[in-house]
């Protein structure tokens, strides 16, 4: 028996989530995971013992967005918009159907529930169970590698945050400390305002219509936003998101780049400073907390300039920068690995789920 056309409802049964919805959204750090089908996935944990869904594995499906997640551990649900999907019979491999669903480009223009009205009626091509299982096994193995890589990235980012906290308050090898208005710092460090270290200026407006295909990167508040055939700045510099969602975000530009007026950039240094050290300091400050709230968050040069930091010697700055850069390099290596694995998974899905390449 070869591949056959089936509707989703021929493969899956659905269950409403009412019995499994969490009662309190005051989440704790451990317990039963509370799930959503979107990117957040695990919203937190609860100690509620009743109404835990245990018939796993299962697929959770957001009825409004059609996002889905494959779940192989007991859970509770956040929203009534979630449907819980299970295989309809023994001739269906749930993981295979999940992967098939992830390959579907389903339009969700209107804010409405889709599963019963449209989604379950879609036709998909399905191989025999033995081939379903083999395809699911192959794609699942790649997913496991992606998950492991994600965990390494998350652990390394956590390590970096801890190291920044340590290095920016205790430095390297110090034994004597002094109390200051920003907390304890090594005795040899000084307290200084950022306005004493550098001069900020705003980037230059560049509309989308003015973007011309070119070799020079254009930076906005959230980093690279496009390319242009002209550049504004010759040398690399640090930029700070000035307005909107990415207000206070920190990035370092490449040489010969353009910075739009959605960001501030360091125009001039007023003292000897290691740029990479300064980048990490600014990153750790969470400048968004100083943003002016209103219709749209914004942060000014004056506000940034008033922020005070502890400043070590140039030599110690360089040592700290080297330590943190090495941690970031590990993050970068694993992000590139994840990108390769994600691309591999995409190619395998196209080949295996269509039957273009057979596994048996």
Assuming residue 342 fulfils every condition listed in (1) modelled with pLDDT of 95 or more; (2) in contact with a helix residue (DSSP H, G or I) (Cβ under 6 Å, 6 or more places away or on another chain) apart from one, which condition is it?
-> (2)
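If the requirement is being touching a strand residue (DSSP E or B) at 6+ places or on another chain (Cβ under 8 Å), closer than 16 Å to residue 200 by Cα and without any contact (Cβ under 8 Å) to a residue 24 or more places away in the chain, which of these qualifies: 303, 307, 212, 259?
303
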Of the residues that sit in the stretch 4-33 and are touching a helix residue (DSSP H, G or I) at 6+ places or on another chain (Cβ under 8 Å) and not in a helix (DSSP H, G or I), which one is farthest from residue 55 (Cα to Cα)?
-> 7
Subset tally (residues that are in contact (Cβ under 8 Å) with a residue 24 or more places away in the chain and closer than 20 Å to residue 27 by Cα) for the stretch 40-59 = 7
Is there a residue in the stretch 247-261 that is at pLDDT below 95 and exposed (fewer than 14 other Cβ atoms within 10 Å of the Cβ)?
-> no
Hits in the stretch 155-193 - residues which are closer than 16 Å to residue 286 by Cβ, surrounded by 12 or more Cβ atoms within 10 Å (Cβ to Cβ) and touching a strand residue (DSSP E or B) at 6+ places or on another chain (Cβ under 9 Å) = 168, 169, 182
Sort through 63, 55 and tell me the only one that's buried (at least 20 other Cβ atoms within 10 Å of the Cβ) and either under 22 Å from residue 118 (Cβ atoms) or more than 23 Å from the chain's Cα centre (by Cα) (or both).
-> 63
Could you list all residues from the stretch 265-304 that are under 27 Å from residue 326 (Cα atoms), in contact with a helix residue (DSSP H, G or I) (Cβ under 6 Å, 6 or more places away or on another chain) and not in a loop (DSSP other than H, G, I, E, B)?
-> 276, 277, 280, 284
Does residue 84 qualify as being under 27 Å from residue 4 (Cβ atoms), without any contact (Cβ under 8 Å) to a residue 60 or more places away in the chain, in contact with a strand residue (DSSP E or B) (Cβ under 7 Å, 6 or more places away or on another chain) and crowded, with 16+ Cβ neighbours inside 10 Å?
-> no
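Can you spot a residue in the stretch 340-352 that is under 27 Å from residue 246 (Cα atoms) and part of a helix (DSSP H, G or I)?
For the stretch 340-352, residues under 27 Å from residue 246 (Cα atoms) and part of a helix (DSSP H, G or I): present.
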So residue 84, is it part of a strand (DSSP E or B) and closer than 18 Å to residue 143 by Cα | no
Hey, could you check the stretch 310-331 for residues that are out of contact with any strand residue (DSSP E or B) (no Cβ under 6 Å at 6 or more places or on another chain) and not in a helix (DSSP H, G or I) and say which is farthest from residue 167 (Cα to Cα)?
-> 313
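The values are calculated or read from the model by the stated rules, or taken from the named source; none is laboratory data. This one's a predicted model, so the numbers in the text were calculated from it and none came from an experiment. Note that each Cβ is placed from the backbone with ideal geometry, even for glycine, and that neighbours are counted across all protein chains shown.
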